[in-house]
Amino acid sequence: MDKLLTMSNQEITRLEIMQRLRDKRLKQFEAARMLGIGVRQVKRLFRAFKAHGAVGLVSQRRGRPSNNRLDPGIMQKAIDLIYERYQDFGPTLAHEKLTEVHGFKLSDESVRRLMIAEGLWKPKRAKKPSMHQMRERRACFGELVQIDGSDHAWFEGRSPRCTLLVYIDDATGQLGELWFVLEETTFAYFEASRHYFERYGKPVAFYSDKHGIFRVNQPRPLGTTSGLTQFGRAMQELDVEIICANTPQAKGRIERANQTLQDRLVKELRLRGISDIDSANAFLPEFCQDYNHRFAVAPRSSHDAHRPLLKNENLDIILTHQKTGTLSKNLTVQSKNVVYQIQSDHPDYALRNALVTVCENTNGEITILYKNKPLTYTIYKKSPRQADVVDIKTLDRHIKTSKPPAPDHPWRHYGTHLNGKPILESTPIGTD
């Protein structure tokens with residue numbers, strides 16, 4: 001009785017070729033070209049066919065475990081670690097931790113298959129690519145730096161939500177600066193930009209969105225004569241151009257970086273037990289170095305487009321909120337409901353109607369400049385505080401939520417006495 005033989009399509013094709021070789025209807029070099037193998041391999045297959053027939057062409061490894069299979073013990077240890085520490089990690093990040101932290105010798109595809117088998121990861125269908133006009137990276141490091149703020153629950157509820165300011169180079173994809181702040185404000189960008197300037201120098205241009213920090217969005221802005229925001233005025237003094245993207249897709253590089261940071265940085269903060277902004281900011285240089293090592297690319301040009309700070313570019317003055325005012329006959333000037341009295345050794349008439357600049361830094365310290373030189377002053381008086389103007393993004397932070405009264409608050413006992421008589425629980429109000 002003939003034995004049933006199972007063969008793959010490749011083995012069936014090889015059987016047909018070997019039969020034609022046996023019948024002298026094909027030459028060995030022609031068979032090698034048809035099978036896509038070498039002539040020596042054809043000779044080996046033909047010897048096996050003559051010795052054992054069709055059985056000689058069947059792989060002897062079929063039904064046996066692979067020699068490269070993973071050790072079940074190692075697989076179980078990897079699964080236990082994933083469940084214990086990396087349960088919500090993606091396969092790529094989980095593979096990095098298993099290999100770099102725990103010393104496992106596994107491929108990223110093996111980790112992905114393990115997580116899929118355990119139900120910890122669901123394979124994602126490839127999305128249909130969106131059609132957007134491609135923009136080539138800039139050629140030089142420092143030629144264009146994309147900046148943005150990412151408001152996110154970075155500490156996963158261990159601390160209130162905050163904002164991460166991100167500076168990423170367009171040519172290399174390198175993180176130039178990361179800085180946690182409570183909210184996206186002009187002073188926050190001043191502080192982060194100072195760190196960037198002191199580390200790399202001045203880039204040619206910043207690429208941002210249309211946030212009111214970077215661009216005056218009102219047709220006829222009140223209180224501005226130059227049409228520049230405070231950040232725009234500071235960058236103009238430093239000769240750093242600001243370019244605003246028209247759509248989020250136009251600054252897709254930093255948008256994608258924000259998504260990566262919201263995945264990787266959140267998990268790194270959790271693994272290190274970091275739950276406050278100060279500790280997180282201290283950790284960010286280490287994270288940036290690791291991120292740039294993994295994801296940064298080499299620019300097309302080796303030229304560094306950053307420029308050093310000039311001697312006359314005082315960041316302590318430039319990176320402030322500035323307002324121009326005119327001194328009165330009494331040598332006073334008002335800013336933010338505060339009247340400042342100038343103290344001068346010169347006659348009063350020398351400074352009357354003089355234009356001065358009131359500079360306020362992030363700590364609320366005031367410097368009054370006349371012809372770029374500071375003036376001595378005292379606070380004359382403070383006017384009543386008016387209503388604050390806040391951005392829609394930060395409106396919730398300025399609303400003070402009321403707290404419930406204390407258990408012993410008099411309000412809780414209101415109405416317990418009526419006309420000098422205590423009201424019993426069973427006696428309705430209004431009855432004698």
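The values are calculated or read from the model by the stated rules, or taken from the named source; none is laboratory data. Keep in mind the model is a prediction, meaning the values are calculated, not measured. Quick reminder, even Gly has a Cβ in these numbers, built from the backbone with ideal geometry, and neighbours come from all protein chains shown.
Restricting the first residue to segment 284-307 and requiring it to be closer than 18 Å to Val266 by Cβ, which pairs with a second residue that is assigned to a strand (DSSP E or B) and of a type outside the set (Asp, Glu) meet a Cβ separation below 8 Å and a spacing of at least six or different chains? Correct list of pairs: Leu284/Leu178; Leu284/Trp179; Leu284/Phe180; Phe287/Leu178; Cys288/Leu175; Cys288/Leu178; Tyr291/Leu175. Listed residues Leu35, Leu15, Leu21; which is over 30 Å from Asp108 (Cα atoms), surrounded by 13 or more Cβ atoms within 10 Å (Cβ to Cβ), under 52 Å from the mean Cα position of the chain (by Cα) and not assigned by TED's automatic domain parsing to the domain that holds Gln262? Answer to the selection: Leu35. Pairs are defined by a Cβ separation below 7 Å, a sequence spacing of at least 6 or placement on different chains, a first member in segment 67-84 that is at pLDDT 90 or above and acidic (Asp, Glu), and a second member that is exposed (fewer than 10 other Cβ atoms within 10 Å of the Cβ) and not in a helix (DSSP H, G or I); no pair meets this definition. Of the residues Glu198, Glu156, the single one that is more than 24 Å from Thr260 (Cα to Cα), of a type in the set (Asp, Glu) and in the same structural domain as Leu238 (by TED's automatic domain parsing) is Glu198. Filtering segment 364-383 to residues that are modelled with pLDDT under 90 and either within 30 Å of His211 (Cα to Cα) or in contact with a Leu (Cβ under 6 Å, 6 or more places away or on another chain) (or both) leaves Gly364, Asn372.
If you go through segment 243-289 and keep only what is over 16 Å from Ser159 (Cβ atoms) and assigned to a loop (DSSP other than H, G, I, E, B), you end up with Ala245, Asn246, Thr247. Comparison of Ile116, Ile79 shows that the only residue that is surrounded by 11 or more Cβ atoms within 10 Å (Cβ to Cβ), more than 24 Å from Gln249 (Cβ to Cβ) and in contact with a helix residue (DSSP H, G or I) (Cβ under 7 Å, 6 or more places away or on another chain) is Ile79.
Annotation: Arg300 fulfils all but one of (1) part of a helix (DSSP H, G or I); (2) closer than 30 Å to Glu96 by Cα; the unmet one is (1). Whether a residue is under 30 Å from the mean Cα position of the chain (by Cα), surrounded by 11 or more Cβ atoms within 10 Å (Cβ to Cβ), over 14 Å from Glu360 (Cα atoms) and among the aliphatic types (A, V, I, L, M) was assessed, and Ala298 does not pass this test. In segment 41-93, which residues are closer than 30 Å to Tyr291 by Cα and among the aliphatic types (A, V, I, L, M)? The answer is Leu70, Ile74, Met75, Ala78, Ile79, Leu81, Ile82, Leu93. Exactly one residue among Arg194, Arg161, Arg199 is out of contact with any Asp or Glu (no Cβ under 6 Å at 6 or more places or on another chain), under 17 Å from Leu265 (Cβ atoms) and surrounded by fewer than 19 Cβ atoms within 10 Å (Cβ to Cβ), and that residue is Arg161.
Against the test of being surrounded by fewer than 21 Cβ atoms within 10 Å (Cβ to Cβ), at pLDDT 90 or above and of a type in the set (Phe, Trp, Tyr), the options Phe214, Phe141, Phe155, Phe206 yield a single qualifying residue, Phe155.
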